[in-house]
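Read the structure below first, then the notes.
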Amino acid sequence: MKRLDRTFLGAAAFAALLPAAQAARPLTTDDAGIVESGACQLETWVQHPRGQTAYWAVPACNPTGNLELGVGASRVRADGATSSGDAQLQAKTVLRPLSAEDWGLALAVGVVRHPAGTPHRNDVYLNLPLSVPLAGESLLMHLNAGWVRTQGAGENRRTWGLAGEWRAFERTTLLAESFGQSGGKPFVQAGLRHTLVPDRVQLDFTVGGPARGGSAERWVSFGLRLMTPAFLQ
C-alpha cells in the first residue's frame, strides 16, 4: 500500500478519536469537567496502530473561569517517514457543574483539520458530555451525544460515547469505553490512569480498536498529563 494511502487510513482512524481529545486522558469519551479556572494542562501521548505511530500534544487553558480553550496537533510516522497529522481547535464550557453527589453537563465545539492530500480537509463538530457519579468520585459514568460535519463532502453524522471510570486504588483509576459515529463501526478502549503527583502529573495506558474487526486496526497508547496551578487570573 502506498504511504499516502496508509497515512490517510491512519488519519481517518485518529479523526474518530479527535472530537473528544480534550477529555481527561486517556478517554476518548468526554467528561463534563474543564481545566481549573486560571490553570492550564498539557496532554501528550503516543498512539501506535499497526504500521504507524502518532505523536500528540494537546495544551488547554481556562483563562475566564468557564471557557476551556484547547489546540492539538499530531505527527504521524509510517513507512520510515514522518509527516503532519491532524490538528484540532476546541472550546468547551460547563453548563451544569459536576459534583460527587450530582450529575454535570458541558458543551464542546471544535474543528479538526486533516493533512494535505486527504479527500476532505476539515471536520466541524459539537458534543454534549454528561457525567453521572454512581458512587461519589470513585465511580463515574460519562455519556456523549454529538454531531460532526465533514466540509466539502457535506456529510453530517451523529457521534456518541459511553465510558466508565472506577478508582480502584487511591492513585489508580481503571477505564473502559465504547464510542463511534453513525454510519461507522463502533470502537472500544480500556486502560488505566495513574497519578504520580496529585493534581499535577498523571500517566496512562490503553489498548483499543474496533468492536468487531481484525488486529490491523487495533492500537496501544501511552500518555502523560501535566496540570498547572491557577496563574492566569
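The values are calculated or read from the model by the stated rules, or taken from the named source; none is laboratory data. Bear in mind the structure is a predicted one, so any value in this text is a computation, not a measurement. Don't worry about glycine lacking a Cβ; one is built from the backbone with ideal geometry, like all the others, and counts go over all protein chains shown. Side chains are part of the model used for accessible areas, which takes the heavy atoms of the whole protein and leaves out ligands, DNA and RNA. Shrake-Rupley method; radii C 1.70, N 1.55, O 1.52, S 1.80 Å.
Assorted remarks:
- Angle in degrees between helix 3-17 and the longest Cα principal axis of the chain, rounded to the nearest 10: 20
- In this structure the chain gives 48 Å² per residue of accessible area when probed at 1.4 Å with all protein chains present.
- Multiplying the residue separation of residue 44 and residue 188 by 0.36 nm and subtracting their alpha-carbon distance yields 49.8 nm.
- Calculated log₁₀ intensity ratio I(q)/I(0) where the Debye formula runs over C-alpha points of region 113-233, q = 0.09 Å⁻¹: -0.35
- Working note: Cα atoms of region 37-165, range along each principal axis, descending, whole Å: 50, 31, 30.
- Legend: Rg and Dmax of region 129-173, from Cα coordinates, 15.6, 48 Å.
- Region 89-136 and region 21-53: distance between their alpha carbon centers, rounded to Å: 11
- Averaging 1/r across all pairs of distinct Cα atoms in the chain and inverting the result yields a Kirkwood radius of 17.9 Å.
- Accessible surface of region 75-233, 1.4 Å probe, proportion on carbon and sulfur as whole %: 61
- Entry note, the chain: the mean residue ellipticity at 222 nm calculated from DSSP H runs of n ≥ 4, each adding -39500 (n - 2.57), is -2000 deg cm²/dmol after division by the residues and rounding to the nearest 500.
- Exposed chymotrypsin sites (Phe, Trp or Tyr not before Pro) absent: longest stretch of the chain, with sites in DSSP loops and at most 13 other Cβ within 10 Å deemed exposed: 1-168
- The charge dipole of the chain, taken about its Cα centre with unit charges on the Cβ of Lys, Arg, Asp and Glu (plus for the first two, minus for the last two), comes to roughly 860 debye.
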